[in-house]
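The values are calculated or read from the model by the stated rules, or taken from the named source; none is laboratory data. Since this is a predicted model, take the numbers as computed values, not measurements. Here the Cβ positions follow ideal geometry from the backbone for every residue, glycine too, while neighbour counts run over all protein chains shown.
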Amino acid sequence: MKNTTVLISGASIAGPALAYWLSRSGHAVTVVERAPALRPGGQAVDFKGETHRVVLERMGILDEVRRRQTGGTDQTIVDADGRRLAVMPGEFTGGDIEILRGDLSALLYERTEGECEYVFGDSLTSLTDTAGGVHVTFERGAPRTFDLVVGADGIHSNVRRLAFGPESDYVRFLGHYYALADLGVDSGNMMYNEPGRMVAIGGPKSPAFFVFASERLDYDRYDVERHKRILADAYRGMGWRVPELVARLPEARDLYLDSISRVEVDHYARGRVVLLGDAAYGNTLGGFGTGLAIVGAYVLAGELAAAGGDHRTAFRAYEEAFRSYARVAGRGGAGPFLAPATWRGIRMRNWIFKRRFLLWTMLRMTDRFATDIKLKDYPALTGTSTAT
Ligand SMILES: Cc1cc2nc3c(=O)[nH]c(=O)nc-3n(C[C@H](O)[C@H](O)[C@H](O)COP(=O)(O)OP(=O)(O)OC[C@H]3O[C@@H](n4cnc5c(N)ncnc54)[C@H](O)[C@@H]3O)c2cc1C
């Protein structure tokens, strides 16, 4: 595989994780990232259960991930007067190990930057899959040809659009939007609901985190001023500290708004192009997105190594090994749970957090989903022969 060239689009979690394994198994890897530099900070993401732990261990980053972990903070659900109604335990939102997405991305980048080529501030504009390779053109760089191309560029994947078709064919809107912002508000970890709307401040996901039910909205994904207006409209008239938050929106730092959506592709690969992470099985807030990206990168790289460079066999085996594990991303969305549609629904959700047994059952169920795969041993990647 010494001469196999692989282009990966996206340098967040899935992209650098795959770059790590592919460069170890002798591929020549280029990672292209649209952002001008590695994107820092962002929401907290989490790992849960043995499968995630084993892959992090095999990558040699488990201890470092633990050193940088943030998780374990409980969140108090309050009423309009700030009185405590229930507590959402840290382990419910933060898994076993929680870390900022940007910190994890930086760690993966540090482990790979010497082994592969990173190109920031560029993006693919076309892909032509031929018998001998994929001819790629870029917004800025000169055209190049690669043996394989991987779309690890998130839920709104550019590679998926170019190789598979328009986003509307593959991304299903789940009826809610979310927004992350730093509004400079100092508070403990608190969360407040009214029907169809949730706001959390000081919580583990972001300094301010909003989830609201909505019809599908028509807006430019990169127009931050429009995002602020959408959010202000959605939260108009809400109680608790929301008027103060809305008043701070015009000055918001790092505001990000997006739909809660799920990716549904029939196959992960088309010819020499394959999808990984959120681009293939993303569910904005469906849980395990980061675990799926990390485990998916291991399986895809392992199958490529096992197939000795035969990408058709490798892509088929990756899909066979992974599709059933990734099913968890297809199970509903977190929108109705975080922002129930009615006061009754809000009371029911809060009630669950007061019942230790129900909570325990839900946590055990998520544990099962996170470990529901028999990880193969890929000696070409790990240099060992211990199956898990
Ligand atoms: C609010 C929130 C909370 C979350 N909480 C959790 C959680 O608790 N646990 C969990 O496991 N997951 C969580 N997730 C999901 C998690 O962040 C993702 O599932 C995970 O990061 C998957 O990573 P990825 O690399 O596949 O995609 P992404 O992290 O989306 O990265 C895609 C990368 O591709 C780049 N890119 C985009 N377009 C292009 C282009 N045209 N050319 C080149 N590069 C491009 C982007 O800039 C980005 O760097 C959460 C997500 C959100 C939004």
Check off (1) touching an Asp or Glu at 6+ places or on another chain (Cβ under 7 Å); (2) closer than 25 Å to residue 345 by Cβ for residue 91 and give me the number that stays unchecked.
(1)
Looking at (1) within 9 Å of the ligand (Cβ to nearest atom); (2) outside any loop (DSSP other than H, G, I, E, B), can you tell me which one residue 39 breaks?
(2)
Would you mind stating whether residue 65 is touching a residue at least 24 places away in the same chain (Cβ under 8 Å), within 16 Å of the ligand (Cβ to nearest atom) and either surrounded by 18 or more Cβ atoms within 10 Å (Cβ to Cβ) or part of a loop (DSSP other than H, G, I, E, B) (or both)?
yes
Among the residues of the stretch 109-160, the number that are touching a residue at least 40 places away in the same chain (Cβ under 8 Å) and under 25 Å from the mean Cα position of the chain (by Cα) is 28
Can you tell me which residue in the stretch 259-317 is modelled with the lowest pLDDT, limited to those that are within 13 Å of the ligand (Cβ to nearest atom) and aromatic (Phe, Trp, Tyr)?
288
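Looking at the stretch 82-96, which of the residues that are part of a loop (DSSP other than H, G, I, E, B) and at pLDDT 90 or above is nearest to the ligand (Cβ to nearest atom)? Before the answer, list the steps.
The initial filter retains those residues of the stretch 82-96 that are part of a loop (DSSP other than H, G, I, E, B), namely 82-83, 89, 95-96.
From the residues that got through so far, the ones that are at pLDDT 90 or above too are 82-83.
Working: 82: 24, 83: 26 Å.
Taking the candidates together, the pick is 82.
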Exactly one of 114, 60, 121 is on the phi > 0 side of the Ramachandran plot, of a type outside the set (D, E, K, R) and out of contact with any strand residue (DSSP E or B) (no Cβ under 8 Å at 6 or more places or on another chain), and that one is 60
Among (1) assigned to a strand (DSSP E or B); (2) within 16 Å of the ligand (Cβ to nearest atom); (3) crowded, with 22+ Cβ neighbours inside 10 Å, which single condition is residue 119 missing?
(3)
Considering only the stretch 141-166, how many residues are in a strand (DSSP E or B) and crowded, with 16+ Cβ neighbours inside 10 Å?
5
Starting from the stretch 324-344, take each residue that is exposed (fewer than 14 other Cβ atoms within 10 Å of the Cβ) and list its partners that are among the acidic types (Asp, Glu) and modelled with pLDDT of 75 or more, counting only C-beta distances under 9 angstrom and pairs at least six apart or across chains.
324/372; 327/372; 343/194
Count of residues meeting criterion [surrounded by fewer than 24 Cβ atoms within 10 Å (Cβ to Cβ), within 7 Å of the ligand (Cβ to nearest atom) and more than 28 Å from residue 201 (Cβ to Cβ)] in the stretch 16-36
1
Identify, by number, the condition in (1) of a type in the set (S, T, N, Q); (2) within 13 Å of the ligand (Cβ to nearest atom); (3) farther than 30 Å from residue 34 by Cβ that residue 70 doesn't meet.
(3)
State whether one or more residues within the stretch 42-49 are at pLDDT 95 or above, in a helix (DSSP H, G or I) and within 13 Å of the ligand (Cβ to nearest atom).
no
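Could you please give the count of residues in the stretch 300-323 that are assigned to a helix (DSSP H, G or I) and either of a type outside the set (A, V, I, L, M) or surrounded by fewer than 24 Cβ atoms within 10 Å (Cβ to Cβ) (or both)?
Of the stretch 300-323, the ones assigned to a helix (DSSP H, G or I) are 300-306, 311-322.
From what's left, either of a type outside the set (A, V, I, L, M) or surrounded by fewer than 24 Cβ atoms within 10 Å (Cβ to Cβ) (or both): 302-303, 305-306, 311-322.
Within the stretch 300-323, residues that are assigned to a helix (DSSP H, G or I) and either of a type outside the set (A, V, I, L, M) or surrounded by fewer than 24 Cβ atoms within 10 Å (Cβ to Cβ) (or both) number 16.
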When you look at residue 366, is it under 20 Å from the mean Cα position of the chain (by Cα), closer than 22 Å to residue 96 by Cα, at pLDDT below 90 and surrounded by 14 or more Cβ atoms within 10 Å (Cβ to Cβ), yes or no?
yes
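Just for the stretch 235-257: of the residues that are farther than 21 Å from residue 39 by Cβ and assigned to a loop (DSSP other than H, G, I, E, B), which one is nearest to the ligand (Cβ to nearest atom)? Outline the logic, then answer.
Step one: of the stretch 235-257, the residues farther than 21 Å from residue 39 by Cβ are 235-251.
Those still in the list that are assigned to a loop (DSSP other than H, G, I, E, B) too: 235-241.
Numbers: 235: 17, 236: 22, 237: 24, 238: 20, 239: 23, 240: 20, 241: 20 Å.
Checked the stretch 235-257; the qualifying residue nearest to the ligand (Cβ to nearest atom) is 235.
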